[in-house]
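Engineer: Pasting a structure here, questions to come.
The values are calculated or read from the model by the stated rules, or taken from the named source; none is laboratory data. Note that the structure is predicted; figures quoted are calculated from it, not measured. Don't worry about glycine lacking a Cβ; one is built from the backbone with ideal geometry, like all the others, and counts go over all protein chains shown.
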Amino acid sequence: MESLTLTTQDITWIILVILTVALLWSGAHFGIRMVIHRLEARGKKPVVLPTIRKILKVFVLVLGAGLISYAFLDREQFAAMNQHILRVTWIAFVMMATIILSAVVSAFFDRRIKATSLRDRQDTTTYKYLNSLATVGIYATGIVLAALAIPAARDLATTALTGAGVLALIIGVAAQEAFANVIGGLFIAFFKPFRLGDVIKVTDTVGRVEDLTLRHTVINNFQNKRVVIPNAIINKEKIENYTLTEYRTCEFVEIGISYDSDIDRAMAIMREEATAHDYLIDNRSEREKKDGKPVVDVQVIGLGDSSVNLRAWVWAATYVTGFRMRNDLYRSIKQRFDREGIEIPFPHRTLVHKNLAAKLTATPTAHNGHIH
């Protein structure tokens with residue numbers, strides 16, 4: 001192995017590179033930190049700048065190490081080192097451009113969301129979903145562009161393209177559900193069966209829509225629990241939207257009374273209790289008011305095995321107030337029924353034992369003066 005000898009020119013080169021790297025590193029560190037402090041003093045949160053500062057500092061150190069290595073290489077190795085430095089520069093440029101572009105796009109959508117949230121909440125849902133979609137697209141493109149600078153990654157891509165048929169089949173099967181969720185999210189964002197902030201019911205889940213991502217929809221139910229439903233599933237389900245076009249809601253208060261109870265009195269009690277509730281609203285039309293239709297309609301909806309089933313239609317301003325009113329009415333009506341002798345029956349069943357029935361219908365016999 002040849003001994004390592006450095007000329008005066010090589011030593012001068014190393015010193016110049018070290019000084020330059022130190023200046024660039026200090027500029028990236030202290031300069032960007034000063035900008036961050038100024039933005040924070042104005043009440044702004046610089047999300048991108050700390051990451052860019054880290055990338056620049058690492059890039060400067062790697063670039064400095066590469067430039068110093070020229071002093072230890074032969075002329076024949078300069079071409080290979082030039083390629084390495086170009087690759088590092090390209091990757092650093094792609095990373096910074098990806099982060100900056102993603103921040104610019106996110107800021108654009110954030111401004112659109114704030115500008116339209118007070119006027120049309122439908123735009124809020126669409127812009128939020130497009131923001132997520134654009135961010136994923138930008139980062140995916142950045143990863144591909146950065147990988148093209150690495151020979152091993154290019155060879156891997158060439159090998160993958162050689163077996164593109166099998167690879168496409170594997171990826172298609174593995175990513176079928178993921179693509180279905182993305183497409184389902186697009187349908188939700190553009191056709192808007194619900195919007196962010198709407199109160200909806202999906203299967204057995206009732207709550208407020210809190211977030212819409214590329215994969216799933218987050219619903220905050222009335223127990224303050226987050227229910228995460230994949231977009232592909234929620235897009236196929238029947239959705240009840242309580243705030244799509246009309247906030248008012250009609251609640252059913254259904255109670256069964258015994259056949260011996262006074263039906264008219266029970267109906268009057270249900271109407272009185274509902275009418276006295278603070279959350280009740282008058283949903284009658286002008287024609288119905290003139291005709292004297294009551295604010296709360298109570299009807300017999302069926303004759304059950306053990307009870308006469310009654311239903312009261314009560315209207316509330318929102319689903320939340322309607323839910324609370326319905327619960328309050330069940331309590332107050334039950335208390336009124338107890339005080340006024342209206343019975344809420346237990347289920348009754350008639351059981352017939354055939355052998356026992358045959359014995360009871362047989363002729364009784366006398367034994368020791370007793371009838372059996």
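Engineer: Between a residue in segment 89-116 that is among the small types (Gly, Ala, Ser) and any residue that is part of a helix (DSSP H, G or I), which pairs come within a Cβ distance under 7 Å, given they are 6 or more apart or on different chains?
Structural biologist: These pairs meet every condition: Ala92/Ile55; Ala92/Phe59; Ser102/Thr135; Ser102/Ile138; Ser102/Tyr139; Ser106/Asn131; Ser106/Thr135.
Engineer: So if I check each of Arg284, Arg265, which one is among the basic types (Lys, Arg), more than 19 Å from Pro345 (Cα to Cα) and surrounded by 11 or more Cβ atoms within 10 Å (Cβ to Cβ)?
Structural biologist: Arg284
Engineer: Give the residue, chosen from Ala160, Ala140, Ala146, that is under 30 Å from Gln83 (Cα atoms) and at pLDDT below 65.
Structural biologist: Ala160
Engineer: Right, next: Tell me whether segment 18-29 contains one or more residues that are within 17 Å of Ala97 (Cβ to Cβ), touching a Phe, Trp or Tyr at 6+ places or on another chain (Cβ under 9 Å) and of a type outside the set (D, E, K, R).
Structural biologist: Scanning segment 18-29, I find at least one residue that is within 17 Å of Ala97 (Cβ to Cβ), touching a Phe, Trp or Tyr at 6+ places or on another chain (Cβ under 9 Å) and of a type outside the set (D, E, K, R), so the answer is yes.
Engineer: Is at least one residue of segment 337-359 in contact with a helix residue (DSSP H, G or I) (Cβ under 8 Å, 6 or more places away or on another chain), assigned to a helix (DSSP H, G or I) and either modelled with pLDDT of 95 or more or not hydroxyl-bearing (Ser, Thr, Tyr) (or both)?
Structural biologist: yes
Engineer: Return yes or no: is Tyr279 under 25 Å from Gly302 (Cβ atoms) and touching a strand residue (DSSP E or B) at 6+ places or on another chain (Cβ under 7 Å)?
Structural biologist: no
Engineer: Go through the residues of segment 65-84 one by one and say whether even a single one is more than 30 Å from Val144 (Cα to Cα), touching a residue at least 12 places away in the same chain (Cβ under 8 Å) and not hydroxyl-bearing (Ser, Thr, Tyr).
Structural biologist: yes
Engineer: In segment 194-313, which helices (runs of 4 or more DSSP H) lie fully inside it and hold 1 or more residues that are closer than 30 Å to Ile113 by Cα?
Structural biologist: 231-234
Engineer: Which members of segment 225-249 meet the condition of being under 15 Å from Phe323 (Cβ atoms) and out of contact with any Asp or Glu (no Cβ under 6 Å at 6 or more places or on another chain)?
Structural biologist: Matches in segment 225-249: Glu240, Tyr242, Tyr247, Arg248, Thr249.
Engineer: Which one of these is loosely packed, with under 15 Cβ neighbours inside 10 Å, at pLDDT below 80 and assigned by TED's automatic domain parsing to the domain that holds Leu145: Arg33, Arg42?
Structural biologist: Arg42
Engineer: For segment 309-330, give me each residue that is surrounded by fewer than 20 Cβ atoms within 10 Å (Cβ to Cβ) and closer than 14 Å to Gly256 by Cα.
Structural biologist: Hits for segment 309-330 are Asn309, Arg311, Tyr330.
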